[in-house]
Amino acid sequence: NPLVAFTLIKRLQSEWLNVVNSNEALENARALRSGYEEEEEAELPSLEDLQGAAKGLMRLQDVYCLQVSSLVRGQFQRVAGSQSVDVHLPAVSVQLSGDDCFLVGKVAYDQEDYYHSVHWLEESVRLFRRSGSKWSPENEGTLHDALDHLAFSHFKTGTHLACATVFLRSLLLYEPSNRRWLRAYLAYQKRPAEAGHACMALDSVSGQLVQFFLILEMSWSACRYLGSIKRMRLVCNLCSILCSSSESTWQILPALSPQSWIFDMSVLSCTYYSHAAAVFVVKLRRSVVATRDKQVTAEYRISKSAWLKGSAQSAVSRLDQRISMLTGLNVQHPHGEYLQVVNYGIGGHYEPHFDHATSPSSPVFKLKTGNRVATVMIYLSSVEAGGSTAFIYANFSVPVMKNAAIFWWNLHRNGRGDPDTLHAGCPVLIGDKWVANKWIHEYGQEFLRRCSLNPEE
Ligand SMILES: O=C(O)CCC(=O)C(=O)O
Ligand SMILES: [Fe+2]
């Protein structure tokens, strides 16, 4: 269309000149900078957010066995035999640039995680090369940077000395006088390949650590099944009393103590949640975990959360009432903890853990109402993929279904922890996952969940 062509040429020739060189342009640039500075503190993602997002991508890569070469094309695929199969077909996606991959690789590299840095930096080098290694002002790195980090990563993985020298050689072609690269090139060439490097590393790890990795691997494979429990439509009599609708769905959870169940909490109308979310978003903080005697942030739990104290008649206290009616337990503080709302972002997860305390010095006992006897967890949102709750030893996982709630007993009647409740929040592949936890303590339930005459129960 000649009219479109003419206006485009005019725009790129004379109009852009005016935009760039006018007085307004200077004012605009100043306004942009001061606007940016104001936003920077309050709203814009921090460096920790960016690094966390990169770590989230690597976590997704591991848990769902995703191929990095597919991820950079915006696809979620894993290798099966000689083929790539879709793990999930995203509704919307985006391709990554050489610089995007460089950033992820650099985050891995800075943590001395050379396994991941090799994967991401190789893609970065490929993409930088494909784009003719053109530099753009937004970029974090260049082809040189990617090659430099890749060479060292290969060297550190120990088994790829040959690769390290190849990459260093191509760096030296760009800049033959670079002393550091030259020194490294000569050193790598002299060094014999470290045969048995990986085996030595494995031998030196303790049995406890091996056990830990086994559990992690079991949890990841449970996560890959993306929710083995499916919705069932059953009519629940309880519900005709509690819910606005007379039908609801529930199912007994397999392999856990009897009376552990999953329930459709449509019981709680959406308005409760939207109200709740509006109130809490502002109060969300990075989630913490209980160590021996303190609460600390940890890589194994990545989410934001808030504790909700319900005032009388508030949505939160109405939710408490419903939980109490459903479970038949006393959930009033301090017999129940305040409701905890949790939000998981990119790759957000919670590695295998117990909800109950396993050490007498745990902060769980601060309420002086005993251990966490039971958990009610409500899914406040759905997600597009990932994020299931995996019960590792019990061997099932629950997909994220908005309004579904899971209830389980953490302790046997004799007060001992039930190992089958070991569970994990799988990393969210696509979506924004919200859950609410209600932890119910032992004291206050003496007549509601009685002891058994059999000390083994
Ligand atoms: O998000 C999940 O699926 C599990 C959350 C959980 O286990 C917890 O917050 O204790
Ligand atoms: Fe949990």
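Annotations
- Ligands, DNA and RNA are left out, and with a 1.4 angstrom probe the accessible area of the range 1-66 is 79 Å² per residue.
- Which of 287, 361, 170 is most accessible, then next, and so on - probe 1.4 Å: 361, 170, 287
- For residue 55, the lysines whose Cα comes closer than 19 Å to its Cα, not counting residues fewer than 8 places off in the same chain, are 106, 304, 433.
- When the surface is traced with a 1.4 Å probe over the full set of protein chains, residue 85 keeps roughly 50 Å² accessible.
- FRET efficiency, 1/(1 + (r/R0)^6) with R0 56 Å, evaluated for residue 28 and residue 340 via beta carbons: 0.80
- In this structure, the amide hydrogen of residue 441, modeled 1.01 Å from its nitrogen in the peptide plane, lies closer than 5 angstrom to those of 336, 337, 373, counting only residues at least 5 positions away or on a different chain.
- Working note: Debye formula, equal point scatterers on the alpha-carbon atoms of the range 2-190, no solvent; log10 I(q)/I(0) at q = 0.08, 0.10, 0.11, 0.12 Å⁻¹ is -0.40, -0.60, -0.69, -0.79.
- Heavy-atom accessible area ranking, 1.4 Å probe, most first, across 440, 9: 9, 440
- Per-residue ³J(HN,Hα) for the range 32-41, Karplus 6.51 cos²θ - 1.76 cosθ + 1.60, θ = phi - 60°, Hz, x for Gly and Pro: 4, 5, 6, x, 4, 5, 5, 6, 3, 5
- Shown for the range 2-190: the carbon plus sulfur share of the solvent-accessible area, taken with all protein chains present and a 1.4 angstrom probe, equals 56%.
- The heavy atoms of residue 11 present about 120 square angstrom of accessible area, all protein chains included, probe 1.4 Å.
- Once the C-beta distance of residue 80 and residue 215 is scaled by a Förster radius of 25 Å, the resulting FRET efficiency is 0.50 to the nearest 0.05.
- Rounded percent of accessible protein surface that carbon and sulfur make up, the range 359-411, 1.4 Å probe: 56 percent
- By a 1.4 Å probe calculation restricted to protein chains, residue 423 has an accessible surface near 10 Å², given to the nearest 10.
- Charge tally around residue 283: other residues with Cβ under 13 Å, Lys/Arg +1 each, Asp/Glu -1 each, net +4.
- q = 0.08, 0.19 Å⁻¹, the range 308-457: log10 I(q)/I(0) [Debye, one scatterer per Cα]: -0.23, -1.24
The values are calculated or read from the model by the stated rules, or taken from the named source; none is laboratory data. Treat the numbers as computed from the prediction; the structure is a model and nothing was measured. All Cβ positions, glycine included, derive from the backbone under ideal geometry; neighbour counts span all protein chains shown. Accessible surface is based on the protein model in full, side chains and every heavy atom, while ligands, DNA and RNA are left aside. Shrake-Rupley method; radii C 1.70, N 1.55, O 1.52, S 1.80 Å.
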